[in-house]
């Protein structure tokens, strides 16, 4: 049971983790960024998104520029004034320009599906926690352009537009981008498994665990392995 979502924007930056200061983007959207984009439209602890394929619908083009940024972060618990002039620094960014992707993803229920909630669940359909239920919720929200947070391409200042698509949108014109070995690409920064023994209504945030996979662009499409294959890097049971 899969969905297809077309998404596009003027700029994107999927920063390579080995770059500590300057932002240098991967050539293609990462699975974790694609998952975050889908979760901005619909997220529930009762299911997880699995990115299956990513179609690159525009030529891969980079754009270099420099931005003024601040080095500190504001605390949401104890916000204090931040003087930008005293905390400002300039950083280079190598971003992507004029991007368009079609994301093919599937839903997988977690052990929290069917468990009692803490308080009424007014923001979801009634009935059992099934893939059909959550798929219908996502399709309805995507058709109306609804989202819990504005989807973005790596940085909040790079908004991502979206619309529902079908499997035919995965076809890419030949010769748009050459077949390329993209090397090791970031898969995700979290352990995507959900513990079974969490108390009702409370979901613990997973600890950061970085995983990579060998990515290849072939016929304009990047195939993404299943989480069960990638999580062997975490030395957990498959």
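Every read-out reported here was derived from the displayed coordinates using simple, explicitly stated rules and does not represent laboratory data. All values reported here derive from a predicted model rather than from experimental measurement. Virtual Cβ from ideal backbone geometry, glycine too; neighbours counted across all protein chains shown.
Here are the numbers for this structure:
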| item | result |
| --- | --- |
| Label point at residue 166 placed 7 Å out along Cα→Cβ; residues across the stretch 1-27 whose backbone nitrogen lies under 13 Å | 4 |
| Listed residues 75, 25, 168, most fluctuating in the chain (Gaussian network, C-alpha, under 10 Å) | 75 |
| Kirkwood hydrodynamic radius over Cα pairs of the chain, then Stokes diffusion coefficient at 37 °C and 0.692 mPa s, in µm²/s | 168 µm²/s |
| Contour minus Cα-Cα distance for residue 226 and residue 40 (0.36 nm per residue) | 64.8 nm |
| Calculated FRET value between residue 176 and residue 131, using beta carbons and R₀ = 41 Å, to 0.05 | 0.80 |
| Full-stretch length increase - residue 191, residue 216 - with 0.36 nm per residue and alpha-carbon distance subtracted | 6.7 nm |
| Isotropically averaged projected area of the stretch 10-124, using the convex hull of Cα atoms (one quarter of hull area), nm² | 10.8 nm² |
